[in-house]
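Novice: A single structure is presented below for examination.
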Amino acid sequence: MKAGPPASLRTARRLPKDTGLPAWYAMLPAADPAISLQGKQTADWLVLGAGFAGLAAARRLRQLDPKGRIVVLEASRVGLGPSGRNSGFMVDLPHNLQSSDYGSGLEADRALIQRNRAAIEFARQAVAEYGLPDEAFVPWGKVNAAASAAGDAHNQSYSAHLATLGESCQWLDAGDMRALTGSSYYRSGLFTPGTVLIQPVQYIRGLAEGLRGSAVAIYEDSPVQALHNLGQAWRATTPHGSLESPRVILAVNGHASSFGFYKRRLIHVMLYASMSEPLGDAALRVLGGQDFWGITPSDPMGSSLRRINGHGGQRILMRNRFSYEPGLQTSAGRLERLSLDHDLAFQRRFPMLAGLKMQYRWAGRLCLSWNSVPAFGEIDSGLFSAVCQNGLGSVQGTMAGICAAELAVGQPSAHAEALLSEPEPSQIPPEPLSWIGANAALRWKEWRAGAEL
Ligand SMILES: Cc1cc2nc3c(=O)[nH]c(=O)nc-3n(C[C@H](O)[C@H](O)[C@H](O)COP(=O)(O)OP(=O)(O)OC[C@H]3O[C@@H](n4cnc5c(N)ncnc54)[C@H](O)[C@@H]3O)c2cc1C
């Protein structure tokens, strides 16, 4: 797949800027001081970005090349980028945010389920090998919750779709939902068992630690400002150093477009989340329900929720609202304004917890393509792309990273073949048309989500 004309020097027009401190990061012990890239270095393999995709690529490279020098360059701290800002649903089933019932068609969905499950298995093996704490990776499943008649109908059509795929699910009625969540808000839910609920920062940090233990160098606070094609190798330049490597895996998700790749083919969207303060004894008494669960909305534009019980105590996470951000960042003001909807959505669901405040609020980037395909493949000689995860980066990023490593090494791979056979991300209209169109579509879809928000 061509991601644009080859160029010998690609300067990053933008570097990542993340807004708000994700609770997952704040609730864990402070990380060790960052070690950044210094001076001139070389490597056999260079991975840009230490998110799901980059760390999966590094792990797969280590499996395929036990002795080679592998270096990962991360602009920020491990876990402070989008891979540590999400809601932590590693979903095995189709979860197409642009479709009304998360599906994309039978054959495509079957192939996707296989890839998602292979990615989850890869993660499971990493968790076991690196000795991550149980809390980092909980195979709990998830519930697709419905608060309205329209939500119920979405779930009905989703469950029919799952039946055609031969996938099991369990219908929960309003009483079951109350027993699970303590809330009377939901009319029904659809439980599917294959999702893993992760503590994203614990998972990402644990992966990075494990990789360091197998001699992968991960430099943080090392934004790549320029990528230079030297012919036989690429040179990545950071503020305090540079690194040359014959093969590079680009795992920076939407920031691929900051280097000029996939021009007008990547859609940059921000998502917003809040985490409550810990539930005290009184709150726990009036709330009831189980102490650990995860809910996705029956309408993709609705609210995801998680109840957690681990580092940081018992808390509830709320995630809703989207904004289209071609500049790949949002402001503190927009975060504050949009996350007021977290409070409203929380009050609707948990009126008995009036007075419980949100302690952390944050935003994070998503990268989508209009036709919901990844941006994957060798995009220039020795440069492999593993970006555009279409909203489900925990699994699709992991799979893209694995496949990019296999492609780069020349390891035959059915999953990589499948990604290569996808069409390229289709072009989006120029600004301001995209901005107007995308924001209007988001607002309309959010309005239509109604009580699911
Ligand atoms: C609030 C929220 C909730 C979400 N919920 C879920 C969910 O429940 N399940 C799910 O699967 N997905 C979820 N997502 C999406 C998911 O987080 C992303 O799809 C995922 O993080 C993408 O992984 P990635 O490794 O491809 O990219 P990223 O996580 O974006 O990692 C790329 C890394 O590259 C680094 N980088 C960028 N530019 C440079 C540069 N020039 N030099 C060096 N490094 C650079 C970035 O700092 C970043 O750490 C959610 C996202 C948000 C914001």
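The values are calculated or read from the model by the stated rules, or taken from the named source; none is laboratory data. As the structure is a computational prediction, the values presented were derived from the model and not from experiment. Don't worry about glycine lacking a Cβ; one is built from the backbone with ideal geometry, like all the others, and counts go over all protein chains shown.
Novice: Return yes when GLY210 is free of Cβ contacts under 8 Å to residues at least 24 places away in the same chain and surrounded by fewer than 23 Cβ atoms within 10 Å (Cβ to Cβ) and no when it is not.
Specialist: The answer is no for GLY210.
Novice: Can you tell me which of TYR186, TYR158 is of a type in the set (Ser, Thr, Tyr), modelled with pLDDT under 95 and within 30 Å of LEU287 (Cα to Cα)?
Specialist: TYR158 is the lone residue from the list that is of a type in the set (Ser, Thr, Tyr), modelled with pLDDT under 95 and within 30 Å of LEU287 (Cα to Cα).
Novice: Here is a list: ALA7, ALA12. Which entry is within 8 Å of the ligand (Cβ to nearest atom) and surrounded by fewer than 24 Cβ atoms within 10 Å (Cβ to Cβ)?
Specialist: Testing whether each residue is within 8 Å of the ligand (Cβ to nearest atom) and surrounded by fewer than 24 Cβ atoms within 10 Å (Cβ to Cβ) leaves just ALA12.
Novice: On to the next question. Given the residues ALA345, ALA282, ALA332, ALA273, which is the only one that is more than 12 Å from the ligand (Cβ to nearest atom), buried (at least 21 other Cβ atoms within 10 Å of the Cβ) and not hydroxyl-bearing (Ser, Thr, Tyr)?
Specialist: Going through ALA345, ALA282, ALA332, ALA273 in turn, the sole match is ALA345.
Novice: Checking TYR360 against (1) within 11 Å of the ligand (Cβ to nearest atom); (2) surrounded by fewer than 23 Cβ atoms within 10 Å (Cβ to Cβ); (3) of a type in the set (Phe, Trp, Tyr): exactly one of these is not met. Which one?
Specialist: (1)
Novice: Looking only at the stretch 15-29, count every residue that is among the aliphatic types (A, V, I, L, M) and near the ligand (Cβ under 8 Å from one of its atoms) and tell me the total.
Specialist: Looking only at that region, the number is 1.
Novice: Then there's this: For SER385, work out the one condition from (1) within 10 Å of ILE249 (Cβ to Cβ); (2) of a type outside the set (Val, Ile, Thr); (3) part of a helix (DSSP H, G or I) it doesn't fulfil.
Specialist: (3) is the only condition that SER385 fails.
Novice: Under the condition of being surrounded by fewer than 24 Cβ atoms within 10 Å (Cβ to Cβ) and within 6 Å of the ligand (Cβ to nearest atom), which residue from the stretch 76-88 is farthest from ALA256 (Cα to Cα)?
Specialist: SER87
Novice: Sticking with this structure for a sec: Do you know which residues across the stretch 301-342 are β-branched (Val, Ile, Thr) and closer than 20 Å to ALA438 by Cα?
Specialist: Correct list: THR330 only.
Novice: Going residue by residue through the stretch 110-123, is there one that turns out to be more than 14 Å from the ligand (Cβ to nearest atom), in contact (Cβ under 8 Å) with a residue 40 or more places away in the chain, within 28 Å of LEU243 (Cβ to Cβ) and surrounded by 24 or more Cβ atoms within 10 Å (Cβ to Cβ)?
Specialist: Checked the stretch 110-123: no residue is more than 14 Å from the ligand (Cβ to nearest atom), in contact (Cβ under 8 Å) with a residue 40 or more places away in the chain, within 28 Å of LEU243 (Cβ to Cβ) and surrounded by 24 or more Cβ atoms within 10 Å (Cβ to Cβ).
Novice: What is the number of the single condition among (1) surrounded by 24 or more Cβ atoms within 10 Å (Cβ to Cβ); (2) in a helix (DSSP H, G or I); (3) touching a strand residue (DSSP E or B) at 6+ places or on another chain (Cβ under 7 Å); (4) not aromatic (Phe, Trp, Tyr) that GLN396 does not meet?
Specialist: For GLN396, the exception is condition (3).
Novice: Of the residues in the stretch 91-112, how many are among the aliphatic types (A, V, I, L, M), at pLDDT 85 or above and closer than 23 Å to SER303 by Cα?
Specialist: Residues that pass the stated criteria total 2.
Novice: Related question: Between a residue in the stretch 340-363 that is at positive phi and any residue that is modelled with pLDDT of 95 or more and away from the ligand (no atom under 14 Å from the Cβ), which pairs come within a Cβ distance under 9 Å, given they are 6 or more apart or on different chains?
Specialist: GLY355/ALA283
Novice: Another one. For a quick check of your reading of the model, give me the residue pairs whose first member lies in the stretch 370-393 and is under 26 Å from GLY84 (Cβ atoms) and within 13 Å of the ligand (Cβ to nearest atom), whose second is of a type in the set (Lys, Arg) and assigned to a loop (DSSP other than H, G, I, E, B), with beta-carbon atoms closer than 8 Å and at least 6 apart or on different chains.
Specialist: Every condition considered, the pairs that remain are ALA375/ARG265.
Novice: Could I ask something else about it? Search the stretch 34-64 for residues being over 17 Å from PHE122 (Cα atoms) and in a loop (DSSP other than H, G, I, E, B), and hand back the single one that is farthest from the ligand (Cβ to nearest atom).
Specialist: Restricting to residues being over 17 Å from PHE122 (Cα atoms) and in a loop (DSSP other than H, G, I, E, B), the top hit is ASP44.
Novice: Looking at (1) buried (at least 24 other Cβ atoms within 10 Å of the Cβ); (2) of a type in the set (A, V, I, L, M, F, W, C); (3) in a strand (DSSP E or B), which is the one condition that is false for VAL71?
Specialist: (1)
Novice: Being touching a residue at least 12 places away in the same chain (Cβ under 8 Å) and within 29 Å of ASN390 (Cβ to Cβ) narrows it down to one of LEU284, LEU227, so name that one.
Specialist: Checking each option against the conditions leaves just LEU227.
Novice: Sort out which residues of the stretch 252-263 are at pLDDT 95 or above, more than 11 Å from the ligand (Cβ to nearest atom) and of a type outside the set (A, V, I, L, M, F, W, C), and write them in order of number.
Specialist: Those that are at pLDDT 95 or above, more than 11 Å from the ligand (Cβ to nearest atom) and of a type outside the set (A, V, I, L, M, F, W, C): GLY260, TYR262.
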